[in-house]
1. Taking the Cβ-Cβ separation of A8 and A110 as r and a Förster radius of 22 Å, what is the calculated FRET efficiency to the nearest 0.05?
2. If you place +1 on the Cβ of every Lys and Arg, -1 on the Cβ of every Asp and Glu, and leave all else neutral, what size is the dipole of the chain about its Cα centre, to the nearest 20 Debye?
3. Comparing V88, V210, V129, which has the greatest mean-square fluctuation in the GNM of the chain with Cα pairs linked when under 10 Å apart?
4. Of A221, A183, A110, which is the most mobile in a GNM of the chain whose springs link Cα atoms less than 10 angstrom apart?
5. What whole-number distance in Å separates the alpha-carbon centres of the range 98-175 and the range 178-228?
6. Once label points are set 7 Å from the Cα along Cα→Cβ at both I61 and S198, what is their separation, rounded to one decimal in nm?
7. Just to check, using Stokes-Einstein with a Kirkwood Rh over alpha carbon pairs, what's the diffusion coefficient of the range 162-227 at 10 °C and 1.306 mPa s in µm²/s?
8. Skipping prolines and chain starts, which residues have an amide H placed within reach, meaning under 5 Å, of the one on V88, given they are 5 or more residues away or on another chain?
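Throughout, read-outs are computed from the coordinates displayed, never taken from laboratory work. Nothing here was measured: the structure is a model prediction, and the numbers come from that model. Quick reminder, even Gly has a Cβ in these numbers, built from the backbone with ideal geometry, and neighbours come from all protein chains shown.
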Amino acid sequence: MRLPIRYAGWMGWDLVRGPGLLMLVVGALAALLINSLTVVTSGSGGETAVFLGILDFTVTIFALLATAGIVSTDFAMGYYRPLFARPVSPPLYYLQRWVLGGFLALVVTAAVTLASALRLGADLPIGRVLIQAALCYLLLGGLVFLLSTVTRRDWLIAVLILAAYASLGLARSLGAAGSGTAAVLYAVLPPLRLVDISDPVPTGGALLHVLLYGAGLVLAALLVIRFRPLARGARE
């Protein structure tokens, strides 16, 4: 099997003119919102908190845009036939597409962060933001990647999982869902609480948890692509 490097150019172009344009729109709206809300909070010391809160939501959107339909669209539309008519490794092809999507998401995140920081004249933790954004992409982007190998509703299911995780987290903070089925679900779902842009970068066991969980999602997606017959696709 050949490496898919020859596809990188047009793969990147497709990303830029598809998800990339949507990311730019979302990023521009986020920058405008950050500017508007931080004007209101100016002098109260809450500018950075507002900035990071909006950016956390924006980074989540970027991860979804970069990976939605990453595998399922090709199978549903039958694109896998011409793509793999030549001896190209399907797992490596989609891994390359996933990595490029993450790179694009980080580039747009950096642009929004820098633009907002310059506009606000604030000393914002840009390095921390990018590291957390990369870890968020590993978890959420890995989840969508895996879901996309088996269903066309990958991003929708990922959003429902996000909502369920947030609800369980809220219940735990209120003293509920500390045991039983809810506690088990909270423990087995992707640990997105550890990659919140507003929080410090996880270290030690927490960081290892994120890295292993995210890598496991990506590896599982590659194994499904490798061993599931291509003709079956992700059509449901």
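1. Numbers: r = 21 Å, r/R0 = 0.94.
Efficiency for this residue pair is about 0.60.
2. 980 debye
3. V88
4. The residue that fluctuates most here is A183.
5. If you average the Cα positions of each part, the centres end up 13 Å apart.
6. 1.8 nm
7. On the way: Rh = 13.3 Å.
Approximately 119 µm²/s, per Stokes-Einstein.
8. It is R2, by chain and number.
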